[in-house]
Amino acid sequence: METEAGPRSLLFQWHLTERCNLRCAHCYQAEPPTPELGYDDQLAVLDQLRDLVRGWQPGRLRSLQLTFTGGEPLLCGDLLRLLTAVRADPWPWTISLLTNGTLLDAAFCRELARLRPAFVQVSLDGLEPTHDAARGPGSFAAAVTGLRRLRAAGVPSMVSFTAHRGNWREFPGVAALAVRLGAQRVWADRLIPAGRGAQMTDALLSPAETLSFVELVAATRRRWSRRWWRRTDVAAHRALQFLAPGGGPIYRCHAGDSLLTLLPNGELLPCRRLPMVVGNVLRTPLAELYGHPLLAGLRDQARLPADCAACGHRAACGGGLRCLAYAVTGDPHAADPGCPLA
C-alpha cells in the first residue's frame, strides 16, 4: 500500500448511535437504526486511528479532533466512559460533541466540563415555531435550556443551522440568540436531501436563494463583528460563501481527506452527508481504507466538475459541496447544484 503524506489536520466524526429521541424532518439517517459497536470495539477503533496517523508523514499532522455524535449521542450509555478513555490517552487529540441539546441536564454538563471538550454543538434550525415544526414540539425550548446549562457549567458551545427554503431568512435571529446564550460560534450549511431528508428536495435552496443566503450570512457576520463585546463568532467559512462580499476565504470540501466519518456499525464514509460506504473497520483496518479509490478520488485536487471549467474559482473551490452534488445528481464529482456560477 502506498504511503500517504496525510492531511495537516484530521476531523474524525464518530456516530456512536443512530438512536434518537427526535424525528427531524431533514435527518440524514434512514431507519431502522444500525447495530452499534461495543465498548471494546470502540477502543479498537481508537487503536486503528493511531495506526492511520502513524502511517502519515511524520510531523505533518497538526491537529486531530474526535467529534462524537449520533443519532443522539447522549443515548449511549458508554458515552462518558469513552470520552474519559480518550481524554486519558496521551495522544494530543481534542474532543467535541454534536447533540440536539434536549437531553443536556446540569449533572451531565458538569461531568462533561471535567473532560474539557473543545465544544458541544447544538442545532437550532430557526426560531421556535420553525425549529419545532422540523424537530418536534418543545424541542426548541429544550435545546435552548441545554445551551444555558452548558454555559453554566463552563463548557464551550456552538450553534449549527441547517438552511433550507423554509428557514434561511431566520439565520440572523438564530445568530442573535446564539450571542445572547454565550455560544462561541454559530455556523450554517445547506440542507442535504439524504436519509429521512430525501423527501425534502423541494426545500433545497435554488442558486439565486443560495446566493442570497450566503450574502445574509456575510451581513450577519459583519453585524456582530462590529460589537466590541462580542464573544460569538458568526462563521462564514462554508462552500460558496466566498460569493458574498466579505464572505471570507474560499472553502473546499475536505470529505475523504481531512474529514472521515464512522457509522455506529463500523462502516466508514467520507462524510455523513456523503453516504458512500468505503468499507468496515471491523473487517479492514482504517489505515487501509484511507487508501480506497473513492477517498483518493475525493482527495484529487485536479479532479474538477466539467461545469466548473470556465470558473475562475474552480481550483480553490473544487466545485462546492460534494455531498449536495451526490444527493441531487448521484455523482459526487458534479458541480454544486446550488452554485449560481455553474
Picking from Leu294, Leu268, Leu243, Leu304, the residue that is in contact with a His (Cβ under 9 Å, 6 or more places away or on another chain), without any contact (Cβ under 8 Å) to a residue 60 or more places away in the chain and over 21 Å from Thr67 (Cα atoms) would be Leu304
Restricting segment 230-241 to residues that are in contact with a helix residue (DSSP H, G or I) (Cβ under 7 Å, 6 or more places away or on another chain) and open to solvent by less than 30 Å² (accessible area, probe 1.4 Å), which is nearest to Pro172 (Cα to Cα)?
Val234
With respect to His254, is the statement that it is under 25 Å from Tyr28 (Cβ atoms), free of Cβ contacts under 8 Å to residues at least 60 places away in the same chain, open to solvent by 70 Å² or more (accessible area, probe 1.4 Å) and out of contact with any helix residue (DSSP H, G or I) (no Cβ under 8 Å at 6 or more places or on another chain) true?
no
Among (1) in a loop (DSSP other than H, G, I, E, B); (2) under 27 Å from Asp189 (Cβ atoms), where does Thr162 come up short?
(1)
Qualifying residues in segment 23-53 (those that are under 17 Å from Leu259 (Cα atoms) and out of contact with any helix residue (DSSP H, G or I) (no Cβ under 8 Å at 6 or more places or on another chain)) - the one surrounded by the fewest Cβ atoms within 10 Å (Cβ to Cβ)
Arg50
Consider Gln57 carefully, then state whether it is over 21 Å from the mean Cα position of the chain (by Cα) and on the phi < 0 side of the Ramachandran plot.
yes
Let me confirm something: among Arg165, Arg190, which residue is within 19 Å of Ala244 (Cβ to Cβ), under 18 Å from the mean Cα position of the chain (by Cα), modelled with pLDDT of 95 or more and among the charged types (D, E, K, R)?
Arg190
Over segment 311-332, the set of residues assigned to a helix (DSSP H, G or I), within 21 Å of the chain's Cα centre (by Cα) and either crowded, with 24+ Cβ neighbours inside 10 Å or among the small types (Gly, Ala, Ser) (or both) is Ala316, Cys317, Arg322, Cys323, Leu324, Ala325, Ala327
Among Ala335, Ala287, which is the only one that is buried (at least 17 other Cβ atoms within 10 Å of the Cβ), in contact (Cβ under 8 Å) with a residue 24 or more places away in the chain, in contact with an Asp or Glu (Cβ under 8 Å, 6 or more places away or on another chain) and within 27 Å of Arg165 (Cα to Cα)?
Ala335
For segment 44-61, does any single residue satisfy the condition of being farther than 26 Å from His254 by Cα, in contact (Cβ under 8 Å) with a residue 24 or more places away in the chain and among the charged types (D, E, K, R)?
no
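The values are calculated or read from the model by the stated rules, or taken from the named source; none is laboratory data. All figures in this text were calculated on a predicted structure; none of them were measured in a lab. Positions of Cβ are backbone-derived with ideal geometry, glycine not excepted, and every protein chain shown enters the neighbour counts. Each accessible area value is taken on the protein alone, full model and side chains, heavy atoms only, with ligands, DNA and RNA left out. Shrake-Rupley method; radii C 1.70, N 1.55, O 1.52, S 1.80 Å.
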